[in-house]
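In what follows, a single structure is set out as structure tokens and then discussed.
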Amino acid sequence: MSSSYVYAAVRTPFGRYGGALAGVRPDDLSASVIRAVLATTPGLDPAAIGDVVWGNANGAGEENRNVGRMASLLAGLPVTVPGTTVNRLCGSSLDAVVTGSRAIETGDADVVLAGGVESMSRAPWVLPKPAKGFPAGDTTAVSTTLGWRLVNPRMPREWTVSLGEANEQLQERFGIDRGRQDAFAARSHRLAHQAWEDGFYDDLVVTVEGTDLTRDEGIRPSASPETLAGLKPAFRPDGTITAGNASPLSDGASAVLLGSAETADRLGSAPLARIAGRAAHALEPQAFGYAPVEAANRALARAGIGWGEVGAVELNEAFAVQSLACLDAWGVDPEIVNTRGGAIALGHPLGASGGRVVGTLAKVLRERGERWGVAAICIGVGQGLAVVLENEAAA
């Protein structure tokens, strides 16, 4: 089997719920980043793309009917380029990268465009279809923005608690107090703001046509453990999780161009990183925040390395508490984790976050001269995904 490589990665700025990107359809957000990532590789004939693999967690609104295919058509790709959409909830675009890399390694494609999108602002309300016509009673509209909806009554109740309650249970299990969570969240905002000031995101983030958002909309440079400590718990009266130490609802899209070793000749440029290992893991649905632990451990084993060799980690910060639980389990130096900010500050548009962490990790490895890095993400309903990248220039 051949190897698969990351050649380019871009994303939109991540917008706040109801914010600057709320007026843009998710298929248009997707088309925007597809055009942008191809603009970074002018040597690539778009007709050579073997597949477009796109992640999306909702699928209930304007991103229905295979948004990956819709986006490629809207972006102006040749109609001969196929496209598919994958749904692994928060890990959808990381799953798209995994799927695309496998296609390259097995020889099914030489170039794959992976990525994902979510417009949580535009996620629709849905109505359950009545079993019979002309029902006499009322029907409740259900929001598809986040979390469980239209739950099968056969599901055990402990599995279907809210995402916030699930993470309150996690903090009880591991004893991660409010102070640690708020300090972690404040660090995310501080590092994200500094990354933008340093110009780190200048070539990773592209504006969306028809909008003037140039930076991630949720970053709060003034956030501190002291200011975050003043926020009320969101899920339990005496809880530890607040709007300040959890990722916000967001809008955005990301794209990652994958290729074989031979793709370098076609593009006239070297790859950014090699995909060296990958893994998925699952456990009890309410413990989803802890699932990246074993996913990353397995991905590292498949890459043939251990945590002692890892120089950078990009872990999607769904909640501060689950991020800290993962870091504690891995035993890694927290200073190598999310060095350019994380989802608590940057935002977490569900279907786009996996592509974000891959693109950021590839750049961080090259910036810091590190060889090995891990991108990981927790996923609702009890799953986690991880990908190991190798910066061969540092080998």
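Some notes on this structure:
- Amide H contacts of residue 276: 388, 389, 390, each under 5 Å away and 5 or more positions distant or on a separate chain (H built 1.01 Å from N in the peptide plane; Pro and chain starts excluded).
- Estimated Rh, the chain: Kirkwood, alpha-carbon pairs, angstrom: 20.9
- Relative packing of peptides 220-230, 297-307, 4-14, 313-323 - highest average C-beta neighbours within 10 Å first: 313-323, 4-14, 297-307, 220-230
- Diffusion constant of segment 62-194 at 10 °C, which comes from Stokes-Einstein with the Kirkwood Cα-pair radius and 1.306 mPa s, µm²/s: 82
- Backbone phi angles across segment 135-152, fed through the Karplus curve with coefficients 6.51, -1.76 and 1.60 (θ = phi - 60°), yield HN-Hα couplings of x, 7, x, 7, 10, 9, 6, 10, 6, 9, 4, 7, x, 4, 8, 6, 5, 5 Hz in residue order; Gly and Pro are listed as x.
- Long-range HN-HN contacts of residue 319 with modeled amide H, under 5 Å: 247
- Residues in segment 235-308 average 37 Å² of solvent-accessible surface per residue, probe 1.4 Å, ligands and nucleic acids excluded.
- Annotation: per residue accessible area for segment 78-169 equals 54 Å², rounded to a whole number [probe 1.4 Å, protein chains only].
- With DNA, RNA and ligands ignored, accessible area of residue 25 (1.4 Å probe; Å², nearest 10): 90
- Accessible surface, 1.4 Å probe, highest first, among residues 215, 236: 215, 236
- Here the Karplus curve 6.51 cos²θ - 1.76 cosθ + 1.60, taken at θ = phi - 60°, turns the phi angles of segment 185-196 into couplings of 5, 4, 4, 4, 5, 4, 6, 5, 4, 5, 4, 5 Hz, with x standing for Gly and Pro.
- Within the shell of other residues whose beta carbon sits under 10 angstrom from the beta carbon of residue 241, the net charge comes to 0, with Lys and Arg scored +1 and Asp and Glu -1.
- Taking θ as phi - 60° and the Karplus parameters 6.51, -1.76 and 1.60, the scalar couplings of segment 340-355 work out to 10, x, x, 5, 4, 8, 6, x, 9, x, 2, x, 9, 5, x, x Hz in sequence order, x denoting glycine and proline.
- Under-5 Å amide H pairs with residue 235, H placed in peptide plane, nonlocal only: 241
- Of all accessible heavy-atom area on the chain, the percent that carbon and sulfur account for (1.4 Å): 51
- Residue (of 318, 9, 334) at the positive-pole extreme of the chain, dipole from beta-carbon charges: 318
- Mean sequence separation of contacting Cα pairs (under 8 Å, at least six apart), scaled by the length of the chain, corresponds to a relative contact order of 27 percent.
- Around the Cα centre of the chain, unit charges on the Cβ atoms of Lys, Arg, Asp and Glu (plus for the first two, minus for the last two) sum to a dipole of about 800 debye.
The values are calculated or read from the model by the stated rules, or taken from the named source; none is laboratory data. All values derive from a computational prediction rather than experimental measurement. With ideal geometry, Cβ positions are generated from the backbone for all residues, glycine too; neighbour counts draw on all protein chains shown. All accessible areas refer to the heavy atoms of the entire protein, side chains included, with ligands and DNA or RNA removed. Shrake-Rupley method; radii C 1.70, N 1.55, O 1.52, S 1.80 Å.
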